[in-house]
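**Student:** The structure is given below, and queries will be raised subsequently.
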Amino acid sequence: MKHILVIEDEPEVCEVICALLEDSGYTTVSASNGSVALDIVGQQEFDLVLTDLVMPGMEGVETMAALRRVAPKLRVIAMSGIGSYLDMAKAVGASMTLLKPFTRDQLVETVESVLAA
């Protein structure tokens, strides 16, 4: 079973994403921001990270850069409602991106695609 870290500052959104992934057979751990996520990555191994890009404190792009330093092979999917932010995320190494709002099918297809690569 694949283990996914979901970094999302909006609790309701995070809960929905985790539930959709768990219903699709994945295990999830959530973090409310990049700093918390980095602590978690230091304690557990993950197959994939989904991160929001607009968060208080440590922004998603900054979080991705920090994740690259501590876990260089960790695959990351960036999520945002702002398309230009997704372009920045791709430029700094996101495996794929998701434009919010997205459907369950879009989420699962993106996750499966990145995990299969």
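A short reminder: the numbers here are calculations on the coordinates, not readings from a lab. As the structure is a computational prediction, the values presented were derived from the model and not from experiment. Here Cβ is always computed from backbone atoms with ideal geometry, including for glycine, and neighbour counts include all displayed protein chains.
**Student:** Out of all the residues in segment 65-92, which are within 16 Å of Glu45 (Cβ to Cβ), of a type in the set (A, V, I, L, M, F, W, C) and surrounded by 13 or more Cβ atoms within 10 Å (Cβ to Cβ)?
**Tutor:** Residues satisfying the conditions are Leu67, Ala71, Leu74, Val76.
**Student:** Only one of (1) under 22 Å from Asp87 (Cα atoms); (2) of a type in the set (A, V, I, L, M, F, W, C); (3) more than 11 Å from the chain's Cα centre (by Cα) is not met by Ile17, so which one is it?
**Tutor:** (3)
**Student:** So which residues in segment 19-51 are surrounded by 13 or more Cβ atoms within 10 Å (Cβ to Cβ) and of a type in the set (A, V, I, L, M), if there are any at all?
**Tutor:** Once the filter is applied, which keeps residues that are surrounded by 13 or more Cβ atoms within 10 Å (Cβ to Cβ) and of a type in the set (A, V, I, L, M), segment 19-51 yields Leu20, Leu21, Val29, Ala31, Val36, Ala37, Leu38, Ile40, Val41, Leu48, Val49, Leu50.
Yes/no per residue for (1) over 19 Å from Gly34 (Cβ atoms); (2) of a type in the set (Asp, Glu); (3) out of contact with any helix residue (DSSP H, G or I) (no Cβ under 7 Å at 6 or more places or on another chain):
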position	(1), (2), (3)
Arg68	no, no, yes
Arg75	no, no, no
Met79	no, no, yes
Ser84	yes, no, yes
Phe102	yes, no, yes
Asp105	yes, yes, yes
Ala116	yes, no, yes
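**Student:** Could you check segment 22-52 and list, in sequence order, the residues that are among the β-branched types (Val, Ile, Thr) and free of Cβ contacts under 8 Å to residues at least 40 places away in the same chain?
**Tutor:** Applying the first criterion (among the β-branched types (Val, Ile, Thr)) to segment 22-52 yields 27-29, 36, 40-41, 49, 51.
Answer for segment 22-52, where residues must be among the β-branched types (Val, Ile, Thr) and free of Cβ contacts under 8 Å to residues at least 40 places away in the same chain: Thr27, Thr28, Val29, Val36, Ile40, Val41.
**Student:** Any residue in segment 1-21 that is in contact (Cβ under 8 Å) with a residue 40 or more places away in the chain and under 22 Å from Ala66 (Cβ atoms) sitting within a Cβ distance under 6 Å of a residue that is in a helix (DSSP H, G or I) and small (Gly, Ala, Ser)? List the pairs, counting only those 6 or more apart or interchain.
**Tutor:** Final answer for the pair search is Ile7/Ala37.
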